[in-house]
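Step one of this worksheet: look at the structure below.
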Amino acid sequence: MPLDTARRRCAVVGLGARARFFTEALTGPYADRIELAALCDVNAHRMAVHNGWIAADHPGRPPVPAYDAAGFEEMLRRERIGLVVVCGVDRTHDDYIVRALEAGCDVVTEKPMTTDAPRARRILDAQRRTGGQVRVAFNYRYNPVHAAVRETLAAGSIGEIGSVHFEWLLDLRHGADYFRRWHRDKANSGGLMVHKATHHFDLVNWWLGTTPETVFAQGGLFFYGDEAGRRRGLARDYTRAHGSPAADGDPFAVRLADSAVLKALYLDAEAEDGYHRDQNVFGPGVSIEDDMAVLVRYASGATLTYHLTAYAPWEGYRIAFNGSEGRLELLVEESTWTRPDARTDRASAVMHGAAVGDEAGRTELTLRRFWERPREIKAASGEGGHGGGDIRMLADLFGEHGPGAGGHGTGGPGPGAPDALGRAADATDGARSLVTGLAANRSFETGLPVRARDLLDI
Ligand SMILES: NC(=O)c1ccc[n+]([C@@H]2O[C@H](COP(=O)([O-])OP(=O)(O)OC[C@H]3O[C@@H](n4cnc5c(N)ncnc54)[C@H](O)[C@@H]3O)[C@@H](O)[C@H]2O)c1
């Protein structure tokens, strides 16, 4: 039974940069279906900043009640919450997901669903025990060009798939950002194999309709970190950029005071938790990798060669599917080069360069069937964040058929027509993408292949 049949009441946990995507949706286009009824974070300042933005967008709307992390259960009870959006630091996701499910709520969680196998187990067990819905916000599934890949493969256009070759490049702005923030500590993020590649491993699982079996990987810290920085003369003597003369002119430094959003959300919030969002990418304490090579064998028999680089001159990805009747190739250039001076007032654009027109690149999806000329496949252009995936995912999460529509206990989408592309990702999908990254991390440590089911039997 839905907890609130009239208008579902939703809480957002973790009010950082990404949360704005959800708070804007819930106070804007989806406000008539779902009520943003509470915020929860360890940092009261950041919640106040979000309330300020909401008030600016919706004059006269009363502030959303804000709760400290310790008051999570009280918030669920007092605010009669039916849906929890989990959007905080990755290592904290599992705790909120499980507690929300235990309290009878459904959950939308940001990716990665969690950061290790025991945490994933807890979520899967809680989901089964409570019958609540868990949806993982894999927005890349909703990018129209990724949908076109799925349709083309499912139509059998290249026959049976033997292998996938997938390279993802993060540029010097976006890639570097993971080394300035909490992500640089593997205990927080699981490293980029978990935090970032969870999107990519999920896409492959979804595109191929299969599951990972064996993973072998090599990875390390090649470019960022203190040792590499010193060796190449890129290191500068500062811990965090703000107030450090040594950071002046450093193209790898982010300047919180220059961006109204970053200043409000992080610099002005430091007094409460001491969190510095502008750490030196060539400073000590980096425990994640920046260059990762992965080889996966799937239950279908297909293989994947995957590479993630976090220090590239441009951002985007190339994927090739080799099939028994041809090959499908995708090239996406999200940026063609990295400006050293990019400035913008939107936190996401600071990382992605979305406001900088001359960096924009192209998207090409090419079908090369045996004995035929290559054919370009046109996909709808993707407006908005993540190639248009963000706005489409919101409609699926909070629109007529998403968990926000009610239907607690159904374990699937709400009432209405199912999505032919099967884009809604649940806790099992979250765990299946996670396990590839966890196995890669294990393989980095041991130098040996890892069986996915030895880490997590899903
Ligand atoms: N799908 C996507 O494309 C996408 C894009 C960006 C971020 N994300 C995800 O969103 C999440 C948040 O990322 P972000 O960039 O907003 O990070 P952020 O650092 O800006 O925000 C994290 C927030 O979590 C809060 N927090 C920390 N510990 C907490 C705790 N114990 N309880 C409650 N709140 C706590 C922090 O105070 C902060 O407000 C991450 O899981 C990230 O992977 C997803």
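The values are calculated or read from the model by the stated rules, or taken from the named source; none is laboratory data. It should be emphasised that the depicted structure is a prediction, and the values quoted were computed from it without experimental measurement. Don't worry about glycine lacking a Cβ; one is built from the backbone with ideal geometry, like all the others, and counts go over all protein chains shown.
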Next item on the list: Read through the list (1) loosely packed, with under 14 Cβ neighbours inside 10 Å; (2) modelled with pLDDT under 95; (3) under 24 Å from Leu203 (Cβ atoms), then give the number of the only condition that Pro415 fails.
Entry: (3)
Check: If you go through region 198-215 one residue at a time, do you hit one that is in a helix (DSSP H, G or I), more than 16 Å from the ligand (Cβ to nearest atom) and in contact with an Asp or Glu (Cβ under 8 Å, 6 or more places away or on another chain)?
Finding: yes
Check: Could you say which residue among Ala293, Ala310 is among the hydrophobic types (A, V, I, L, M, F, W, C), in contact with a Ser or Thr (Cβ under 9 Å, 6 or more places away or on another chain), part of a strand (DSSP E or B) and assigned by TED's automatic domain parsing to the domain that holds His183?
Finding: Ala293
Note to self: With modelled with pLDDT under 95 and of a type in the set (Lys, Arg) as the only criterion, which of Arg8, Arg91 stands out?
What the structure shows: Arg8
Margin query: Restricting to region 419-453, and then to whatever is in the same structural domain as Ile97 (by TED's automatic domain parsing) and over 23 Å from Ile97 (Cβ atoms), can you tell me which residue is modelled with the highest pLDDT?
Written below: Leu421
Notebook entry, point to check: Just for region 57-78: of the residues that are away from the ligand (no atom under 16 Å from the Cβ) and on the phi < 0 side of the Ramachandran plot, which one is nearest to the chain's Cα centre (by Cα)?
Noted result: Asp57
Check: With Gly159, Gly191 as the choices, which residue is within 18 Å of Leu434 (Cβ to Cβ) and in contact with a Gly (Cβ under 9 Å, 6 or more places away or on another chain)?
Finding: Gly191
Next item on the list: Among what's in region 114-126 and is touching a helix residue (DSSP H, G or I) at 6+ places or on another chain (Cβ under 7 Å) and away from the ligand (no atom under 11 Å from the Cβ), pick the residue that is nearest to Thr428 (Cα to Cα).
Entry: Leu124
Notebook entry, point to check: Before we move on, is Phe252 crowded, with 20+ Cβ neighbours inside 10 Å, in a loop (DSSP other than H, G, I, E, B) and not assigned by TED's automatic domain parsing to the domain that holds Met113?
Noted result: yes
Next item on the list: From Ala257, Ala235, grab the single residue that is among the aliphatic types (A, V, I, L, M), part of a loop (DSSP other than H, G, I, E, B) and modelled with pLDDT of 95 or more.
Entry: Ala235
Checklist line | Selected residue (criterion: farthest from the ligand (Cβ to nearest atom)) from residues of region 83-113 that are part of a helix (DSSP H, G or I) and surrounded by fewer than 24 Cβ atoms within 10 Å (Cβ to Cβ) | finding: Glu102
